[in-house]
Amino acid sequence: MKKINHLLIALLLSLAGISNAQISILSSGINSYNVTPQSIVQINVMNNDAETMVFLESKIFNSANELLLNLKTQPFLLRKGMNSLSGFKFQFSNVDYSSSKQAEYIKNTHTLPSGKYNACYTLIQLGGEPGDEYCIDLESDISSFLTLISPMDKDTIDTPNPMLVWTHSEPFNLLAPGEYFRMLVTDLLSDQSTEAGVITNTPLFMKNYMTSHQLLYPYDAKELQPGKHYAWQVQKISNGIIIAKSEAWEFVLAKEKVKSDMKYVRLKKSLDPGYYYAENNKVFFVFDEEYTSDKIQCSIYDDRMKEIKPTTKTDSENPKIDLKEFGFNKFCIDLNDLKIKSGFYTLSIKNSKNETFLLRFLAP
């Protein structure tokens, strides 16, 4: 008798397994740009058993397996054979969005933010145990972008600490747990492509968990060298894997220009519309004389014709402008001794004959 009971139980369990296998979810029509309770439950079901009352439960998870949406339909009739639920007007017993920013975005826009997701369906017979379960992976990249802005590709920059600017499609708060943006800067070898550079070279600078679309290359990072080429890129990381990335762009730090002194300008007996630019804060000039003067009077006036007095390290009551001679009638004045502001000035030179020579110049 006990043996018969054991056989009966085994048979019933086997029949239950067969019964559960009679209803199968075959496919789902969900897409990332149309996510509503009605669109989610558009599935195809094969029922090899008699018609029965069922309800459908569906859940959507993000890449961190965080539940974003959980919904359940009211019971509906599942006929024998193929059942296409497309266009079926379901009634829902519950539609629950989680409190995350991603779930709020889906609820308001009916769109999945860019990233990877998982949708799972379960058919449950009325008054019975859960039946067939069907899961599908989703990836959303609708209208998503990840773009570098500045410096432009192949651009030449003039500062070793450039502002690196980029942008992307969705707000930062839509990132799932385990997702973040990374910026990296690496040097480039001769004839190396930017893509190869960011893949194979050790980064000079890397910033994880970016929360802003602009970043000043840090002063404490490895210093960029004049004349060298660099590559940079922004990547989207999910659970340690790169799931999206911008193009890799190249920039070069300009070589330092050596400022050369501007020699020489000729002083005249009257001013003209032109002016002399005092490169390196020095004025080099020459004035015409038949002989070298023993006594030269030098004065500088601002744009209001107020005379500029030089500073001095001595107690001299009448400090004079330091006039250095470089050959026949050639002279130099170092404006750093005057501590003057940037602007236009007039240089006046009088020789031993009391002849006046003038020059209008711009102090940087």
From the options Asp153, Asp158, residue that is touching a residue at least 40 places away in the same chain (Cβ under 8 Å), surrounded by fewer than 14 Cβ atoms within 10 Å (Cβ to Cβ), of a type outside the set (Val, Ile, Thr) and touching a Leu at 6+ places or on another chain (Cβ under 9 Å): Asp158
Subset of segment 56-67 that is within 27 Å of Gly81 (Cα to Cα) and not basic (Lys, Arg) - its residue that is nearest to the chain's Cα centre (by Cα): Ser58
Complete set of residues in segment 235-246 that are part of a loop (DSSP other than H, G, I, E, B) and on the phi < 0 side of the Ramachandran plot: Ser246
Subset of segment 320-349 (residues that are at pLDDT below 85 and surrounded by fewer than 16 Cβ atoms within 10 Å (Cβ to Cβ)): Lys320, Asp322, Leu323, Lys324, Glu325, Phe326, Gly327, Phe328, Lys330, Asn336, Asp337, Lys339
Number of the condition not met by Leu164 [criteria: (1) in contact (Cβ under 8 Å) with a residue 60 or more places away in the chain; (2) within 30 Å of Ala103 (Cα to Cα); (3) not in a loop (DSSP other than H, G, I, E, B)]: (2)
Residue under evaluation Met53, criteria (1) outside any helix (DSSP H, G or I); (2) within 40 Å of the chain's Cα centre (by Cα), criterion not met: (2)
Per-region count, segment 86-141, residues part of a loop (DSSP other than H, G, I, E, B) and either open to solvent by less than 70 Å² (accessible area, probe 1.4 Å) or on the phi > 0 side of the Ramachandran plot (or both): 11
Residue among Phe76, Phe61, Phe90 that is among the aromatic types (Phe, Trp, Tyr) and at pLDDT below 90: Phe90
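The values are calculated or read from the model by the stated rules, or taken from the named source; none is laboratory data. Being a predicted model, the structure only gives us computed values, none of them experimental. Cβ sites come from the backbone with ideal geometry, for glycine too, and all protein chains shown count toward neighbours. Heavy atoms of the whole protein, side chains included, go into the accessibility calculation; ligands, DNA and RNA do not. Shrake-Rupley method; radii C 1.70, N 1.55, O 1.52, S 1.80 Å.
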